[in-house]
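Input: a single structure, listed below in structure tokens.
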Amino acid sequence: MYSLVLAPAFLKVAWYYATSANVKRGLIYGAQARNTLDLYLPDGCEIADVESSTSMVTSRKDEEKRPVVIFITGGMWIIGYKAWGALLAQRLSRRGIIVASLDYRNFPQGTVGDMIADVSNGISWVLDRVDALGGDKRKVVVIGQSAGAHLAATAILRQTEWLARSPNTWSPGSISKFIGISGVYAPDDPQLIEHFHRQGLYKNVFWSIMEAGFTGSRAAEALPRASPVSMLYEQAVRQSVHILPPVMLCHGEADSSAPPEQSRTFANALRGVGVSVAEHYYAGKTHTDPFVTDPILGRDILLDDIANSIFGRRVEPFDEKPLIPRIFVSIARKFVPF
């Protein structure tokens, strides 16, 4: 019902995604089947030969270097798909931002370690091509939504370990900011696991996704390795905390899928090790309101906060027209499954 009522808006976004010359779809960033990404380019930004090497041919109508966003979509680690970020990417590209929306393996095609590796490889691919894209190396922002926020945060923190072992790999210091939207950051929290179980993401499935073997009702100790909050207490991560980017966390206060306490807990843990954190909480907003229904209505508070953070100043909001009448959104919110 939720999807059916909002279908007219989704079809408009799908049409843009499928037909816009500014969208370069299905670019390969790695060896796995789902290692592809979509590039959303602002008007006046044209590229050629995007996959062959780090020295792409770039044709620009102006010389201004543009911010670059690497977006990792959500989907409960099971139904994530790069096109879920099309509406956000369209709105960001209208503001002169280059957006790369990553795909990654979903469960059961892969478990959390595979997903983190995919996200890390995708980030590396984009970082290698920032100059060729006409991007500004000082403004490369990683954005994750829901499960994507968890994977992105974990990949960034794990990269501090991998960088120590292999100095030639990408550095978290190359990222100017991490923005988490409606994220999960403490998947080893027993209360969160019980919450997911009641919501339908059952414990045995969740533990399998997180590579935590289980016996009866008890999970093994592997879960903290996939928990950004717990990782901040690891010595290896603490030693490299100085290269972590500033963080902005955004969350709806009425989120019943990923409780807003997840962002508060992560923010406190980050501040505890000296990482700069900004928090934005939206009163009465559900898990999907800031990311789906608000943009459909044209009232994109989340996008304004993201754009202001990326540019480091207040960006005048665009006049975004509603994609469908307000009554459709009001009906859809009665059936929201998230």
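The values are calculated or read from the model by the stated rules, or taken from the named source; none is laboratory data. Every value quoted in this text rests on a predicted model; they were computed, and no experiment measured them. Positions of Cβ are backbone-derived with ideal geometry, glycine not excepted, and every protein chain shown enters the neighbour counts.
Per-structure values
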| quantity | calculated |
| --- | --- |
| Pairs with Cβ under 6 Å, 6+ apart, first in region 80-92 and part of a helix (DSSP H, G or I), second of a type in the set (A, V, I, L, M) and surrounded by fewer than 22 Cβ atoms within 10 Å (Cβ to Cβ) | A86/V13; L87/V13 |
| Tally, over region 102-118, of residues that are assigned to a helix (DSSP H, G or I) and either farther than 15 Å from I28 by Cβ or not assigned by TED's automatic domain parsing to the domain that holds L163 (or both) | 6 |
| Where a residue in region 259-276 is touching a residue at least 12 places away in the same chain (Cβ under 8 Å) and its partner, wherever it lies, is part of a loop (DSSP other than H, G, I, E, B) and of a type in the set (S, T, Y), with Cβ under 6 Å and at least six apart | Q262/Y185; F266/Y185 |
| Exclusive hit being among the hydrophobic types (A, V, I, L, M, F, W, C), loosely packed, with under 15 Cβ neighbours inside 10 Å, touching a Ser or Thr at 6+ places or on another chain (Cβ under 9 Å) and not in a loop (DSSP other than H, G, I, E, B), set A269, A254, A278 | A278 |
| Matching residues in region 311-338 - criterion: being modelled with pLDDT of 90 or more and of a type in the set (V, I, T) | I324, I327, V329, I331 |
| Options S330, S309: the member that is outside any loop (DSSP other than H, G, I, E, B), of a type in the set (S, T, N, Q) and either without any contact (Cβ under 8 Å) to a residue 60 or more places away in the chain or in contact with a Phe, Trp or Tyr (Cβ under 8 Å, 6 or more places away or on another chain) (or both) | S330 |
| Residues within region 19-70 that are of a type outside the set (A, V, I, L, M), modelled with pLDDT of 70 or more and assigned to a strand (DSSP E or B), tallied | 10 |
| Set P325, P337: member being within 27 Å of A14 (Cα to Cα) and outside the structural domain of K137 (by TED's automatic domain parsing) | P337 |
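Listed here are the residues, each with its yes/no results for (1) of a type in the set (S, T, Y); (2) in the same structural domain as A86 (by TED's automatic domain parsing); (3) closer than 21 Å to Y282 by Cα; (4) at pLDDT 95 or above.
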{"site": "A155", "(1), (2), (3), (4)": "no, yes, no, yes"}
{"site": "W162", "(1), (2), (3), (4)": "no, yes, no, no"}
{"site": "R165", "(1), (2), (3), (4)": "no, yes, no, no"}
{"site": "F178", "(1), (2), (3), (4)": "no, yes, yes, yes"}
{"site": "I193", "(1), (2), (3), (4)": "no, no, no, no"}
{"site": "H197", "(1), (2), (3), (4)": "no, no, no, no"}
{"site": "G200", "(1), (2), (3), (4)": "no, no, no, no"}
